[in-house]
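Chemist: Questions regarding the structure given below will be posed in turn.
The values are calculated or read from the model by the stated rules, or taken from the named source; none is laboratory data. Everything numeric in this text was worked out from a predicted model, so none of it was measured. Please note: Cβ atoms are built from the backbone with ideal geometry, for glycine as well, and neighbour counts cover all protein chains shown.
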Amino acid sequence: MSNTQKSLLPSTLGLAVIFAAIVLSGCQSLGVSPDPKTITQVAPEITQTSIPTHEFALTDGQTLIGTLATVNTRENDTLSDIARHFGLGYNDITLANPNIPAWTPATDSRVLLPLSFILPDSPHQGITLNLVNMRMFYYPKSQPDKVYTYPIGIGRQSWNTPTGLTRIATKKANPSWYVPASIQKEHAQKGDSLPTVIGPGPDNPLGLYAMNLGFERYLIHGTNKPYGIGMQVSHGCVQLYPEDIEALFNNIAVGTPVRIVHQPYLTAWHNNMLYLEANEPLAKWAHDKSHQKKQLLKQLRQLSAEKNSAVDWEKVERIIARADGIPTPVSLSSPNEAELAKAAVPIKHPDQLNQQPVVAELTDGDWSAVVSRFDNGTEAQKLAAMLNHQGPMIPARKVQQDHSYLVVAGPFKNKQEVNAAAKRIHMDFAIDIKPLQPNSSLSKKL
(Lines give C-alpha, C1' and ligand atoms only; values in the text may rest on other atoms or scores of the structure.)
Protein backbone atom coordinates (compact mmCIF):
# COMPACT_ATOMS: atom_id res chain seq x y z
CA MET A 1 0.00 0.00 0.00
CA SER A 2 1.29 3.46 -0.77
CA ASN A 3 0.37 6.97 -1.71
CA THR A 4 -1.08 7.89 -5.03
CA GLN A 5 0.45 10.56 -7.22
CA LYS A 6 -1.20 13.55 -5.67
CA SER A 7 -0.38 17.15 -4.98
CA LEU A 8 1.87 17.79 -2.05
CA LEU A 9 -0.40 20.68 -1.09
CA PRO A 10 -2.34 19.16 1.84
CA SER A 11 -5.37 20.52 3.55
CA THR A 12 -4.69 23.67 5.52
CA LEU A 13 -2.90 22.95 8.77
CA GLY A 14 -4.06 24.64 11.97
CA LEU A 15 -2.11 27.65 13.18
CA ALA A 16 0.27 27.21 16.09
CA VAL A 17 2.08 29.61 18.40
CA ILE A 18 3.98 32.60 16.96
CA PHE A 19 7.52 32.40 18.24
CA ALA A 20 9.53 35.47 19.22
CA ALA A 21 12.33 36.78 17.03
CA ILE A 22 15.90 36.25 18.15
CA VAL A 23 17.31 39.14 20.15
CA LEU A 24 20.33 40.88 18.61
CA SER A 25 23.29 41.83 20.76
CA GLY A 26 25.49 44.82 20.22
CA CYS A 27 27.46 47.58 21.85
CA GLN A 28 27.54 51.36 21.73
CA SER A 29 30.76 53.22 20.92
CA LEU A 30 31.18 56.27 23.14
CA GLY A 31 33.55 58.90 21.71
CA VAL A 32 34.72 62.34 22.84
CA SER A 33 32.77 64.12 20.10
CA PRO A 34 29.58 65.81 21.30
CA ASP A 35 27.79 64.58 18.18
CA PRO A 36 25.48 61.62 18.85
CA LYS A 37 26.86 58.29 17.73
CA THR A 38 24.89 55.70 15.85
CA ILE A 39 24.12 52.62 17.89
CA THR A 40 24.90 49.59 15.77
CA GLN A 41 23.42 46.21 16.63
CA VAL A 42 25.44 43.24 15.46
CA ALA A 43 23.97 39.77 15.31
CA PRO A 44 26.12 37.21 17.12
CA GLU A 45 28.01 34.86 14.84
CA ILE A 46 26.43 31.44 14.61
CA THR A 47 29.10 28.79 15.01
CA GLN A 48 27.22 25.59 15.87
CA THR A 49 26.90 23.54 12.70
CA SER A 50 24.84 20.56 13.82
CA ILE A 51 22.45 19.27 16.44
CA PRO A 52 21.12 15.78 17.26
CA THR A 53 18.16 14.97 15.05
CA HIS A 54 17.69 11.19 15.24
CA GLU A 55 19.87 9.61 17.94
CA PHE A 56 19.37 10.57 21.58
CA ALA A 57 20.78 9.31 24.88
CA LEU A 58 18.17 7.80 27.18
CA THR A 59 18.39 7.37 30.95
CA ASP A 60 16.08 5.44 33.26
CA GLY A 61 12.80 7.25 33.64
CA GLN A 62 13.57 9.85 30.97
CA THR A 63 10.60 10.72 28.77
CA LEU A 64 11.67 14.01 27.11
CA ILE A 65 14.51 14.16 24.59
CA GLY A 66 16.10 16.75 22.33
CA THR A 67 16.05 20.53 22.25
CA LEU A 68 14.64 23.38 20.18
CA ALA A 69 16.89 24.96 17.57
CA THR A 70 16.68 27.59 14.84
CA VAL A 71 18.14 28.12 11.39
CA ASN A 72 17.85 31.07 9.04
CA THR A 73 16.67 30.45 5.49
CA ARG A 74 18.64 31.10 2.34
CA GLU A 75 17.34 31.97 -1.11
CA ASN A 76 15.20 29.21 -2.66
CA ASP A 77 14.91 27.22 0.57
CA THR A 78 11.54 25.70 1.38
CA LEU A 79 10.37 24.53 4.78
CA SER A 80 10.27 21.00 3.34
CA ASP A 81 13.98 21.21 2.49
CA ILE A 82 14.83 22.36 5.99
CA ALA A 83 12.56 19.73 7.57
CA ARG A 84 14.20 16.87 5.69
CA HIS A 85 17.73 18.04 6.52
CA PHE A 86 16.96 18.21 10.23
CA GLY A 87 14.95 14.99 10.53
CA LEU A 88 11.52 16.61 10.65
CA GLY A 89 8.30 16.09 8.73
CA TYR A 90 6.08 18.60 6.96
CA ASN A 91 3.73 18.64 9.95
CA ASP A 92 6.57 19.37 12.40
CA ILE A 93 8.03 22.31 10.49
CA THR A 94 4.78 24.00 9.43
CA LEU A 95 3.06 23.78 12.82
CA ALA A 96 6.15 25.23 14.50
CA ASN A 97 6.34 28.09 11.98
CA PRO A 98 2.75 29.05 11.14
CA ASN A 99 3.66 32.51 9.83
CA ILE A 100 6.31 31.36 7.35
CA PRO A 101 5.02 30.29 3.89
CA ALA A 102 6.01 26.65 3.47
CA TRP A 103 7.06 26.89 -0.19
CA THR A 104 8.19 30.51 -0.43
CA PRO A 105 9.83 31.63 2.82
CA ALA A 106 11.57 34.98 2.67
CA THR A 107 15.36 34.83 2.69
CA ASP A 108 16.81 35.04 6.23
CA SER A 109 13.57 33.94 7.90
CA ARG A 110 14.23 32.49 11.35
CA VAL A 111 12.85 28.95 11.30
CA LEU A 112 12.16 27.12 14.55
CA LEU A 113 13.31 23.48 14.48
CA PRO A 114 11.08 21.52 16.89
CA LEU A 115 13.66 18.88 17.77
CA SER A 116 12.27 18.22 21.23
CA PHE A 117 10.00 15.22 21.75
CA ILE A 118 8.09 13.52 24.55
CA LEU A 119 8.25 9.75 24.22
CA PRO A 120 4.93 7.93 23.78
CA ASP A 121 3.48 6.13 26.78
CA SER A 122 4.55 2.63 25.72
CA PRO A 123 7.29 0.11 26.58
CA HIS A 124 10.76 1.20 25.48
CA GLN A 125 11.13 -1.88 23.32
CA GLY A 126 11.30 -2.26 19.57
CA ILE A 127 9.37 0.32 17.55
CA THR A 128 6.57 2.67 18.60
CA LEU A 129 4.71 4.67 15.96
CA ASN A 130 2.65 7.59 17.25
CA LEU A 131 0.26 8.36 14.42
CA VAL A 132 -0.96 11.70 15.72
CA ASN A 133 2.43 13.43 15.50
CA MET A 134 3.59 11.16 12.67
CA ARG A 135 6.77 9.97 14.36
CA MET A 136 8.64 6.71 14.92
CA PHE A 137 10.59 5.89 18.07
CA TYR A 138 13.01 2.96 17.91
CA TYR A 139 14.54 1.42 21.03
CA PRO A 140 17.37 -0.95 19.99
CA LYS A 141 17.66 -4.02 22.21
CA SER A 142 21.46 -3.81 21.98
CA GLN A 143 21.48 -0.12 23.02
CA PRO A 144 19.22 0.28 26.07
CA ASP A 145 20.63 3.78 26.64
CA LYS A 146 19.58 5.06 23.19
CA VAL A 147 16.42 6.00 21.34
CA TYR A 148 16.18 6.84 17.64
CA THR A 149 13.34 8.91 16.22
CA TYR A 150 12.21 9.57 12.65
CA PRO A 151 9.31 11.42 10.99
CA ILE A 152 6.83 9.27 9.08
CA GLY A 153 4.02 9.55 6.55
CA ILE A 154 0.81 7.67 7.36
CA GLY A 155 -2.52 6.62 5.88
CA ARG A 156 -4.86 9.33 4.74
CA GLN A 157 -8.46 9.70 5.79
CA SER A 158 -10.48 6.58 4.83
CA TRP A 159 -7.19 4.65 4.45
CA ASN A 160 -6.15 4.96 8.10
CA THR A 161 -3.05 3.23 9.42
CA PRO A 162 -4.24 0.64 11.99
CA THR A 163 -3.31 0.78 15.67
CA GLY A 164 -2.27 -2.09 17.90
CA LEU A 165 0.63 -4.41 18.64
CA THR A 166 2.30 -6.20 15.73
CA ARG A 167 5.83 -7.08 14.61
CA ILE A 168 8.24 -6.90 11.70
CA ALA A 169 7.22 -10.02 9.77
CA THR A 170 9.57 -9.88 6.75
CA LYS A 171 12.07 -7.51 5.14
CA LYS A 172 12.89 -6.90 1.49
CA ALA A 173 15.43 -4.69 -0.27
CA ASN A 174 14.52 -3.45 -3.76
CA PRO A 175 10.92 -4.62 -3.34
CA SER A 176 8.32 -4.97 -6.05
CA TRP A 177 4.92 -3.44 -5.38
CA TYR A 178 1.99 -5.75 -5.97
CA VAL A 179 -0.76 -3.23 -6.54
CA PRO A 180 -3.95 -4.06 -4.59
CA ALA A 181 -7.13 -4.20 -6.66
CA SER A 182 -8.63 -1.36 -4.61
CA ILE A 183 -5.77 0.97 -5.55
CA GLN A 184 -5.92 -0.09 -9.20
CA LYS A 185 -9.61 0.79 -9.18
CA GLU A 186 -8.97 4.16 -7.55
CA HIS A 187 -6.39 5.09 -10.18
CA ALA A 188 -8.56 3.83 -13.03
CA GLN A 189 -11.33 6.19 -11.92
CA LYS A 190 -8.84 9.04 -12.40
CA GLY A 191 -7.88 7.81 -15.86
CA ASP A 192 -4.56 6.40 -14.67
CA SER A 193 -4.09 2.72 -15.41
CA LEU A 194 -1.72 0.90 -13.05
CA PRO A 195 -0.09 -2.48 -13.73
CA THR A 196 -0.57 -5.31 -11.28
CA VAL A 197 3.13 -5.22 -10.35
CA ILE A 198 5.62 -2.33 -10.27
CA GLY A 199 9.22 -3.47 -10.07
CA PRO A 200 12.14 -1.74 -8.34
CA GLY A 201 12.98 1.71 -9.67
CA PRO A 202 12.09 5.41 -9.43
CA ASP A 203 8.39 4.77 -10.13
CA ASN A 204 8.03 2.30 -7.26
CA PRO A 205 6.24 4.01 -4.35
CA LEU A 206 7.81 1.57 -1.86
CA GLY A 207 11.26 3.02 -2.45
CA LEU A 208 14.34 0.84 -1.96
CA TYR A 209 13.40 -0.93 1.29
CA ALA A 210 10.24 -2.43 2.77
CA MET A 211 9.43 -4.18 6.04
CA ASN A 212 6.14 -6.08 6.17
CA LEU A 213 4.15 -5.85 9.38
CA GLY A 214 2.17 -8.63 10.98
CA PHE A 215 -0.92 -6.66 9.98
CA GLU A 216 -1.70 -8.10 6.55
CA ARG A 217 -0.86 -5.81 3.61
CA TYR A 218 0.65 -3.07 5.81
CA LEU A 219 4.32 -2.14 5.57
CA ILE A 220 6.96 0.26 6.82
CA HIS A 221 8.80 1.36 3.69
CA GLY A 222 10.66 4.09 1.87
CA THR A 223 9.05 6.28 -0.75
CA ASN A 224 9.61 7.91 -4.12
CA LYS A 225 7.65 10.91 -2.83
CA PRO A 226 9.78 11.94 0.16
CA TYR A 227 8.14 15.31 0.68
CA GLY A 228 4.96 13.57 1.77
CA ILE A 229 6.65 12.64 5.06
CA GLY A 230 4.74 14.33 7.85
CA MET A 231 1.45 14.07 5.94
CA GLN A 232 -1.47 11.69 5.69
CA VAL A 233 -0.80 10.56 2.13
CA SER A 234 -0.57 6.77 1.96
CA HIS A 235 -3.06 3.94 1.59
CA GLY A 236 -2.33 2.94 5.20
CA CYS A 237 1.35 2.06 5.09
CA VAL A 238 4.01 3.88 7.10
CA GLN A 239 6.55 5.77 5.01
CA LEU A 240 10.03 7.06 5.87
CA TYR A 241 12.48 9.33 4.10
CA PRO A 242 14.69 7.14 1.83
CA GLU A 243 17.78 7.89 3.93
CA ASP A 244 15.97 6.98 7.16
CA ILE A 245 14.63 3.61 6.01
CA GLU A 246 18.11 2.80 4.69
CA ALA A 247 19.64 3.57 8.10
CA LEU A 248 17.07 1.42 9.89
CA PHE A 249 16.72 -1.51 7.51
CA ASN A 250 19.83 -3.48 8.48
CA ASN A 251 19.46 -2.76 12.20
CA ILE A 252 15.87 -3.87 12.70
CA ALA A 253 15.45 -7.63 12.95
CA VAL A 254 12.51 -9.70 11.82
CA GLY A 255 10.34 -10.22 14.89
CA THR A 256 10.93 -6.74 16.32
CA PRO A 257 7.74 -5.63 18.11
CA VAL A 258 5.88 -2.68 16.60
CA ARG A 259 3.35 -0.71 18.64
CA ILE A 260 1.13 1.69 16.71
CA VAL A 261 -0.61 4.21 18.94
CA HIS A 262 -2.58 7.45 18.75
CA GLN A 263 -1.55 9.58 21.75
CA PRO A 264 -2.27 13.28 21.18
CA TYR A 265 -1.42 14.44 24.70
CA LEU A 266 1.93 13.53 26.25
CA THR A 267 3.44 14.58 29.57
CA ALA A 268 6.94 14.51 31.04
CA TRP A 269 8.84 15.52 34.17
CA HIS A 270 12.04 17.23 33.05
CA ASN A 271 14.45 19.60 34.80
CA ASN A 272 12.08 19.81 37.77
CA MET A 273 9.19 20.97 35.61
CA LEU A 274 6.05 19.38 34.21
CA TYR A 275 5.93 19.38 30.41
CA LEU A 276 2.98 18.97 28.04
CA GLU A 277 3.00 18.14 24.34
CA ALA A 278 -0.35 18.61 22.61
CA ASN A 279 -1.30 17.45 19.13
CA GLU A 280 -4.63 17.77 17.35
CA PRO A 281 -6.25 14.31 17.23
CA LEU A 282 -6.54 12.81 13.76
CA ALA A 283 -10.00 12.85 12.20
CA LYS A 284 -10.68 9.21 13.06
CA TRP A 285 -10.29 10.01 16.78
CA ALA A 286 -11.66 13.57 16.79
CA HIS A 287 -14.97 12.45 18.34
CA ASP A 288 -13.06 11.32 21.43
CA LYS A 289 -11.15 14.58 21.96
CA SER A 290 -13.10 15.71 25.04
CA HIS A 291 -12.52 12.37 26.76
CA GLN A 292 -8.82 12.44 25.89
CA LYS A 293 -8.56 15.96 27.31
CA LYS A 294 -10.25 14.88 30.56
CA GLN A 295 -7.77 12.04 30.89
CA LEU A 296 -4.90 14.47 30.33
CA LEU A 297 -6.13 16.89 33.00
CA LYS A 298 -6.51 14.01 35.44
CA GLN A 299 -2.96 12.87 34.68
CA LEU A 300 -1.59 16.39 35.17
CA ARG A 301 -3.31 16.68 38.55
CA GLN A 302 -1.77 13.38 39.63
CA LEU A 303 1.70 14.41 38.45
CA SER A 304 1.31 17.79 40.13
CA ALA A 305 0.62 16.08 43.45
CA GLU A 306 3.40 13.51 43.03
CA LYS A 307 6.03 16.09 42.09
CA ASN A 308 4.72 18.85 44.37
CA SER A 309 4.65 21.17 41.36
CA ALA A 310 1.73 23.54 40.82
CA VAL A 311 0.30 23.66 37.29
CA ASP A 312 -0.42 26.78 35.25
CA TRP A 313 -3.86 25.70 34.02
CA GLU A 314 -4.34 28.68 31.71
CA LYS A 315 -1.11 27.72 30.00
CA VAL A 316 -2.33 24.12 29.69
CA GLU A 317 -5.46 25.32 27.89
CA ARG A 318 -3.37 27.49 25.59
CA ILE A 319 -1.08 24.60 24.67
CA ILE A 320 -4.03 22.30 23.99
CA ALA A 321 -5.59 24.92 21.72
CA ARG A 322 -2.27 25.55 19.97
CA ALA A 323 -1.67 21.82 19.35
CA ASP A 324 1.70 22.28 17.65
CA GLY A 325 3.42 19.21 19.11
CA ILE A 326 6.13 21.21 20.90
CA PRO A 327 6.83 20.09 24.50
CA THR A 328 6.22 23.10 26.74
CA PRO A 329 6.63 23.41 30.53
CA VAL A 330 3.34 23.95 32.37
CA SER A 331 4.57 24.31 35.94
CA LEU A 332 3.79 27.69 37.49
CA SER A 333 6.43 30.34 36.69
CA SER A 334 8.00 28.11 34.02
CA PRO A 335 9.31 29.69 30.78
CA ASN A 336 6.61 30.73 28.33
CA GLU A 337 6.54 29.95 24.63
CA ALA A 338 8.39 33.10 23.59
CA GLU A 339 11.14 32.45 26.13
CA LEU A 340 11.55 28.88 24.87
CA ALA A 341 11.88 30.10 21.30
CA LYS A 342 14.38 32.78 22.31
CA ALA A 343 16.50 30.14 24.07
CA ALA A 344 16.50 27.80 21.05
CA VAL A 345 19.96 26.84 19.80
CA PRO A 346 20.91 28.77 16.62
CA ILE A 347 22.37 26.49 13.95
CA LYS A 348 24.51 27.66 11.05
CA HIS A 349 22.85 27.01 7.70
CA PRO A 350 24.63 24.11 5.96
CA ASP A 351 26.34 24.72 2.65
CA GLN A 352 23.82 22.35 1.06
CA LEU A 353 20.62 21.04 2.59
CA ASN A 354 20.37 17.26 2.40
CA GLN A 355 18.63 16.13 -0.80
CA GLN A 356 17.48 19.67 -1.65
CA PRO A 357 16.25 19.57 -5.27
CA VAL A 358 18.65 21.05 -7.80
CA VAL A 359 17.06 22.20 -11.06
CA ALA A 360 19.21 21.63 -14.15
CA GLU A 361 19.76 24.54 -16.50
CA LEU A 362 17.40 24.69 -19.47
CA THR A 363 19.14 24.92 -22.87
CA ASP A 364 17.87 25.52 -26.40
CA GLY A 365 18.18 21.82 -27.22
CA ASP A 366 15.88 20.66 -24.42
CA TRP A 367 12.22 19.87 -24.42
CA SER A 368 10.30 21.94 -21.86
CA ALA A 369 6.77 23.06 -21.08
CA VAL A 370 4.89 26.11 -19.83
CA VAL A 371 2.92 24.96 -16.82
CA SER A 372 1.15 28.16 -15.85
CA ARG A 373 1.28 31.96 -15.91
CA PHE A 374 0.89 34.27 -12.91
CA ASP A 375 0.71 37.99 -12.29
CA ASN A 376 2.30 37.35 -8.90
CA GLY A 377 5.90 36.14 -8.73
CA THR A 378 5.42 34.54 -5.32
CA GLU A 379 2.60 32.34 -6.61
CA ALA A 380 4.74 31.30 -9.57
CA GLN A 381 7.62 30.42 -7.25
CA LYS A 382 5.26 28.41 -5.05
CA LEU A 383 4.07 26.24 -7.94
CA ALA A 384 7.64 25.77 -9.20
CA ALA A 385 8.75 24.70 -5.71
CA MET A 386 5.90 22.22 -5.41
CA LEU A 387 6.76 20.68 -8.78
CA ASN A 388 10.40 20.37 -7.74
CA HIS A 389 9.29 18.50 -4.63
CA GLN A 390 7.02 16.03 -6.40
CA GLY A 391 8.12 12.42 -6.48
CA PRO A 392 9.83 11.82 -8.80
CA MET A 393 10.85 15.46 -9.21
CA ILE A 394 9.39 17.54 -12.04
CA PRO A 395 12.11 20.17 -12.63
CA ALA A 396 10.64 23.66 -12.81
CA ARG A 397 11.56 27.29 -12.41
CA LYS A 398 9.97 30.73 -12.37
CA VAL A 399 10.63 32.84 -15.50
CA GLN A 400 9.66 36.50 -15.71
CA GLN A 401 8.20 37.59 -19.04
CA ASP A 402 7.20 41.22 -19.38
CA HIS A 403 4.88 41.91 -16.44
CA SER A 404 3.96 38.30 -15.69
CA TYR A 405 5.67 35.17 -14.41
CA LEU A 406 5.76 31.77 -16.07
CA VAL A 407 6.37 28.41 -14.48
CA VAL A 408 8.46 26.46 -16.99
CA ALA A 409 9.09 22.74 -16.47
CA GLY A 410 12.10 20.92 -17.88
CA PRO A 411 14.56 19.98 -19.14
CA PHE A 412 13.08 16.82 -20.62
CA LYS A 413 14.97 14.42 -22.88
CA ASN A 414 12.15 13.80 -25.32
CA LYS A 415 8.46 14.23 -26.02
CA GLN A 416 7.65 11.07 -24.07
CA GLU A 417 9.06 12.63 -20.89
CA VAL A 418 7.04 15.79 -21.55
CA ASN A 419 3.87 13.73 -21.97
CA ALA A 420 4.56 11.82 -18.75
CA ALA A 421 5.05 15.08 -16.86
CA ALA A 422 1.90 16.52 -18.45
CA LYS A 423 -0.13 13.55 -17.22
CA ARG A 424 1.17 13.88 -13.67
CA ILE A 425 0.65 17.64 -13.54
CA HIS A 426 -2.90 17.24 -14.82
CA MET A 427 -3.66 14.57 -12.20
CA ASP A 428 -2.01 16.40 -9.31
CA PHE A 429 -2.82 20.03 -10.06
CA ALA A 430 -5.60 19.94 -12.72
CA ILE A 431 -3.36 22.01 -15.01
CA ASP A 432 -2.85 21.36 -18.73
CA ILE A 433 0.67 22.29 -19.79
CA LYS A 434 1.95 23.67 -23.11
CA PRO A 435 4.87 21.57 -24.51
CA LEU A 436 7.80 23.50 -25.98
CA GLN A 437 9.95 21.86 -28.63
CA PRO A 438 13.76 22.08 -28.54
CA ASN A 439 16.19 23.91 -30.83
CA SER A 440 14.98 27.42 -30.20
CA SER A 441 15.57 29.91 -27.41
CA LEU A 442 13.14 29.99 -24.55
CA SER A 443 12.06 33.50 -25.46
CA LYS A 444 11.19 32.35 -28.99
CA LYS A 445 9.27 29.36 -27.65
CA LEU A 446 7.20 31.58 -25.43
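Chemist: Under 8 Å between Cβ atoms, which residue pairs at least 6 apart in sequence (or on different chains) link something in the stretch 368-392 that is under 27 Å from residue 204 (Cβ atoms) with a partner that is surrounded by fewer than 20 Cβ atoms within 10 Å (Cβ to Cβ) and acidic (Asp, Glu)?
Modeler: Correct list of pairs: 390/428; 392/203.
Chemist: Next question. Please determine whether any residue of the stretch 390-401 is buried (at least 20 other Cβ atoms within 10 Å of the Cβ), among the β-branched types (Val, Ile, Thr) and in a loop (DSSP other than H, G, I, E, B).
Modeler: yes
Chemist: Here are some conditions: (1) assigned by TED's automatic domain parsing to the domain that holds residue 72; (2) of a type in the set (S, T, N, Q); (3) over 30 Å from residue 50 (Cβ atoms). Residue 352 meets all but one. Which one does it not meet?
Modeler: The single condition residue 352 does not satisfy is (3).
Chemist: Limited to the stretch 92-110, what total is found for residues that are in contact with a strand residue (DSSP E or B) (Cβ under 8 Å, 6 or more places away or on another chain) and within 23 Å of residue 136 (Cα to Cα)?
Modeler: Summing the residues that are in contact with a strand residue (DSSP E or B) (Cβ under 8 Å, 6 or more places away or on another chain) and within 23 Å of residue 136 (Cα to Cα) in the stretch 92-110 gives 5.
Chemist: May I ask you to list the residues in the stretch 203-246 that are small (Gly, Ala, Ser) and in contact (Cβ under 8 Å) with a residue 40 or more places away in the chain?
Modeler: Residues satisfying the conditions are 214, 228, 230, 234, 236.
Chemist: Okay, moving on. Being farther than 20 Å from residue 241 by Cα, surrounded by fewer than 16 Cβ atoms within 10 Å (Cβ to Cβ), without any contact (Cβ under 8 Å) to a residue 12 or more places away in the chain and in the same structural domain as residue 202 (by TED's automatic domain parsing) narrows it down to one residue among 143, 157; which is it?
Modeler: 143
Chemist: For the stretch 347-368, name all the residues that are under 27 Å from the mean Cα position of the chain (by Cα) and surrounded by fewer than 19 Cβ atoms within 10 Å (Cβ to Cβ).
Modeler: Once the filter is applied, which keeps residues that are under 27 Å from the mean Cα position of the chain (by Cα) and surrounded by fewer than 19 Cβ atoms within 10 Å (Cβ to Cβ), the stretch 347-368 yields 348, 349, 350, 351, 352, 354, 355, 356, 358, 359, 360.
Chemist: Filter the stretch 304-343 for residues that are part of a helix (DSSP H, G or I) and either surrounded by fewer than 18 Cβ atoms within 10 Å (Cβ to Cβ) or not assigned by TED's automatic domain parsing to the domain that holds residue 121 (or both) and give the result.
Modeler: In the first step, residues of the stretch 304-343 are kept if they are part of a helix (DSSP H, G or I); the result is 304-307, 313-322, 337-342.
304, 305, 306, 307, 313, 314, 317, 318, 321, 338, 339, 342, listed by residue number.
Residue-wise test of (1) surrounded by 19 or more Cβ atoms within 10 Å (Cβ to Cβ); (2) in contact with a Leu (Cβ under 6 Å, 6 or more places away or on another chain); (3) assigned to a helix (DSSP H, G or I).
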residue: 223; (1), (2), (3): yes, no, no
residue: 233; (1), (2), (3): yes, no, no
residue: 251; (1), (2), (3): no, no, no
residue: 254; (1), (2), (3): no, no, no
residue: 260; (1), (2), (3): yes, yes, no
residue: 276; (1), (2), (3): yes, no, no
residue: 290; (1), (2), (3): no, no, yes
residue: 293; (1), (2), (3): no, no, yes
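Chemist: Kindly evaluate residue 381 against the criterion of being closer than 30 Å to residue 222 by Cα and part of a loop (DSSP other than H, G, I, E, B).
Modeler: No, not satisfied.
Chemist: Could you list, in sequence order, all residues of the stretch 176-193 that are buried (at least 16 other Cβ atoms within 10 Å of the Cβ) and either farther than 18 Å from residue 234 by Cα or in contact with a His (Cβ under 7 Å, 6 or more places away or on another chain) (or both)?
Modeler: Matches in the stretch 176-193: 183 only.
Chemist: Also, I was wondering about something else. Tell me, yes or no, whether the stretch 369-389 has at least one residue that is farther than 30 Å from residue 417 by Cα and either within 28 Å of the chain's Cα centre (by Cα) or buried (at least 21 other Cβ atoms within 10 Å of the Cβ) (or both).
Modeler: no
Chemist: Whether any residue in the stretch 97-111 is farther than 24 Å from residue 358 by Cα, of a type outside the set (Phe, Trp, Tyr), assigned by TED's automatic domain parsing to the domain that holds residue 242 and surrounded by 19 or more Cβ atoms within 10 Å (Cβ to Cβ) is what I want to check. Before the answer, list the steps.
Modeler: The initial filter retains those residues of the stretch 97-111 that are farther than 24 Å from residue 358 by Cα, namely 97-99.
Checking the rest, the ones that are also of a type outside the set (Phe, Trp, Tyr) come to 97-99.
Now narrow it down to the ones that are assigned by TED's automatic domain parsing to the domain that holds residue 242: 97-99.
Next cut, surrounded by 19 or more Cβ atoms within 10 Å (Cβ to Cβ) only: 97.
Scanning the stretch 97-111, I find at least one residue that is farther than 24 Å from residue 358 by Cα, of a type outside the set (Phe, Trp, Tyr), assigned by TED's automatic domain parsing to the domain that holds residue 242 and surrounded by 19 or more Cβ atoms within 10 Å (Cβ to Cβ), so the answer is yes.
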